[in-house]
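Take a look at the structure below.
Coordinate-derived values only; no laboratory data. Small disclaimer: the values here were computed from a predicted structure and weren't measured. Here Cβ is always computed from backbone atoms with ideal geometry, including for glycine, and neighbour counts include all displayed protein chains.
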Amino acid sequence: MLNGRKIVVGVTGGIASYKSIEIVSRLKKAGASVRVIMTESATKFVTPLPFREISGGPVVTSMWGEPTNWNIEHIALANWADLFLIAPATANIIGKIANGIADDMLSTTIMATKAPVVLAPAMNSNMYANPIVKQNIQKLTNLGYSFIQPSYGMLACGVEGQGRLPDPVFIIDTLASLYGKTNVLCGKKVVITAGGTREPIDPVRYIGNRSSGKMGYAIADQAAKMGAQVVLISGPSNLSIPNGVELIKVETALQMKDIVLSQFSDADIVIKAAAVADYRVQNAANHKIKKSEDTLTLILEKNPDILLELGKRKTHQFLVGFAAETQNLLSNATEKLTRKNLDMIVANDVSLPGAGFNTDTNIVKLLYRTGQTEELPQMSKTSLAKIILDKISAQIQK
Ligand code: PMT
């Protein structure tokens, strides 16, 4: 469950702040290590004392107090946490995070963390229904923050509506199902490649492909939510970095190869969703090519096949490739699975509408080294990412 998790609980100022004491207590009972950050307004509703006693650690309430250790405190807590919970989360903290405001210890630490952040909003129902609050929640959801919806019921202001902080038991159960250690991927190092590479022709031009990074980023996002330590190695992409993910940007296939190999030895799982250029320009120019001639000849030389190399070096790693095909999907994918020594390959026919490059959905078949094949219907890349990771989890548990 949450045993062994390092959780920072952020408490903001609302009538439900007192419920956070029970949340901290239940997290401790579940075996998590807990640190508490309270905003100044939270301290008007409840004092730091019960949090200190129950969490067994200092409660941080200000940016300006004497530091309790050598590290810069908001960075130390941001790095220490493998999960953040803000409960209750007021409209104010949601608005601050959504708009990049970091003016106190909680908002600053949230800004600095790479850990997944879960917010449990609690406020007056009209505030919760306010379009600005809704917009902020939507914006944060799009950025990968998770929300536990407030419950309906009688609110402190005397009206009935949606705005109550859910029962602490429900909050703990939700956290456990999202980030519980029973999850096979928890703590595993998952290396994911995404996007397309760019092979320079001259300083201003390149040979590229249509990969947006959506497939690989969705897998990285989901793997982080499942508690994995995720390294995302990405070619150029406009997508935002998923929460809790270490992003390493590359441009060319050779750069991707160097980084992937450097991350390989201690990886548990490698998923290669990137569209890597098979060829690079041998005679790339150092200066911008002038259009003086009628024709221009580019000589292309073969790039190394990174996945093939990983297949040769594989010791304990679970290796997953993608196959982007426009014909003979199954036979081509099976050939790649065998030749590259993979455990699984995700075969997508990229000529189908709603599949492959730069789409929000994909249509794939999963092929395993055992010879088993599973056909999946069209679905969002987010849903597919979850299925791929669940299938991998089931395989590595065998
Ligand atoms: O990024 P999106 O817009 O969401 O698009 C997703 C996708 C279509 C790019 C993705 O679903 C996909 O199919 N990725 C693999 C693309 C590809 O290069 O397929 P391939 O069949 O050419 O290569 C097979 C495998 O070998 C891939 O895992 C690839 O990463 C790897 N490879 C290929 C060439 C090379 N030089 N080195 C490699 O490691």
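Dipole size of region 6-178 about its Cα centre, with +1 on Lys/Arg Cβ and -1 on Asp/Glu Cβ: approximately 220 debye, rounded to the nearest 20. For the chain, DSSP calls about 30 percent of its internal beta bridges antiparallel.
With contacts defined as alpha carbon pairs under 8 Å and 6 or more residues apart, what's the relative contact order of the chain in percent? Don't skip to the end; give the middle numbers.
Values: 856 pairs, mean separation 45.3, N = 398.
Contact order relative to length: 11 percent.
Rounded to the nearest 20 debye, what is the charge dipole size of the chain about its Cα centre when +1 sits on each Lys and Arg Cβ and -1 on each Asp and Glu Cβ?
Values: 42 positive and 33 negative charges, 79 e Å.
Once rounded to the nearest 20, the dipole reads 380 debye.
The H on the amide N of I201, modeled in the peptide plane, is under 5 Å from the matching H of Y206, I207, each at least 5 residues off or on a different chain. The charge dipole of region 189-396, taken about the Cα centre with unit charges on the Cβ atoms of Lys, Arg (+1) and Asp, Glu (-1), comes to about 160 debye, rounded to the nearest 20. Roughly what % antiparallel, to the nearest 5, for the DSSP beta bridges in region 189-396? Roughly 40 percent of the DSSP beta bridges within region 189-396 come out antiparallel.
For each of L300, L366, count neighbouring Cβ atoms within 10 Å of the residue's Cβ, then give the residues from fewest to most. Spell out each step's value before the answer.
Values: L300 14, L366 20.
Ordered from fewest to most neighbouring Cβ atoms within 10 Å, L300, L366 come out as L300, L366.
By the count of neighbouring beta-carbon atoms within 10 Å, fewest first, T295, T141, T109, T334 end up ordered T295, T141, T334, T109. Taking square-rooted eigenvalues a ≥ b ≥ c of the alpha carbon gyration tensor, is region 289-371 rounded, prolate or oblate, where a/c under 1.5 means rounded and, failing that, a/b exceeding b/c means prolate? Oblate. Of R35, R26, R339, the sequence from fewest to most neighbouring Cβ atoms within 10 angstrom is R339, R26, R35. Counting Lys and Arg as +1 and Asp and Glu as -1 over every other residue whose Cβ lies under 12 Å from the Cβ of V204, the net charge comes to +3. Taking other residues whose beta carbon is less than 12 angstrom from the beta carbon of I396, and scoring Lys, Arg as +1 and Asp, Glu as -1, yields 0. Cα centroid separation, region 277-302 to region 157-196: 50 Å. Contact order for region 189-396, expressed relative to its length and based on alpha carbon pairs under 8 Å spaced 6+ residues apart, stands at 20 percent. Farthest towards the positive end of the charge dipole of the chain, among the residues L296, N99, L232, is the Cα of L232, using unit charges on the Cβ of Lys, Arg, Asp and Glu.
Note on the chain: helix-only mean residue ellipticity at 222 nm, from DSSP H runs of 4+ residues weighted -39500 (n - 2.57) and normalised by residue number, equals -10000 deg cm²/dmol.
Kindly work out what percent of the DSSP beta bridges joining two residues of region 298-398 are antiparallel, to the nearest 5.
Working: 10 of 16 bridges.
Just about 60 percent of them are antiparallel.
In region 4-145, the ratio of gyration radius to Kirkwood radius, Rg to Rh, stands at 0.94 when only Cα atoms are counted.
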